[in-house]
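What follows is a short report on a single structure.
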Amino acid sequence: MFRMRPEKQAEMEGWKQQLEEVGKERDEHSETIRKLKQEIKDTVDGQRILEKKGSSALKDLKRQLQLERKRADKLQERLQEILTNSKTRT
């Protein structure tokens, strides 16, 4: 059977240990990348939700503005009628 010299054996052990450490680091980096990707996705999803809410609120405000304009126009017409009628009476 093949026997390695002690110094070569020690060198091999050193390389194995280094390889294991690099593997652990790679796993840690992969996990960090996974977490960051999820964080980006969550942020993008949150932004999309906020944009939809903003758009919806804007539509609602425009609708309310339109209704208030109609109401103001009707009140203006009514005021005009009242003023016209009071002038006619005098």
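Taking only Cα atoms, what is the 0 to 90° angle, nearest 10, from helix 6-89's long axis to the longest principal axis of the chain? Here the helix axis deviates by roughly 0 degrees. Which of these values of Kirkwood radius over Cα pairs in Å was calculated from the structure shown: (1) 16.7; (2) 21.1; (3) 13.1? Of the labelled values, this structure produces (2). Under the convention that each Lys and Arg Cβ holds +1 and each Asp and Glu Cβ holds -1, the size of the dipole of segment 20-79 around its Cα centre is about 1000 debye.
With all protein chains kept in place, the per residue accessible area of segment 1-86 amounts to 100 square angstrom at a probe of 1.4 angstrom.
Among residues other than Gln76 with Cβ under 11 Å from its Cβ, the summed charge is +2 (Lys and Arg +1, Asp and Glu -1). Overall, the accessible surface of the chain at a probe of 1.4 angstrom is composed of carbon and sulfur to the extent of 57 percent.
Could you compute how much accessible surface Leu61 exposes when probed at 1.4 Å, giving the result in Å² to the nearest 10? Counting only protein heavy atoms, Leu61 exposes about 100 Å² to solvent.
The values are calculated or read from the model by the stated rules, or taken from the named source; none is laboratory data. As the structure is a prediction and not an experimental result, all values here were calculated from the model. A quick note on method: Cβ atoms are made from the backbone with ideal geometry, for glycine too, and the neighbour counts reach across all protein chains shown. These accessible areas exclude ligands, DNA and RNA; they are computed on the full protein's heavy atoms, side chains included. Shrake-Rupley method; radii C 1.70, N 1.55, O 1.52, S 1.80 Å.
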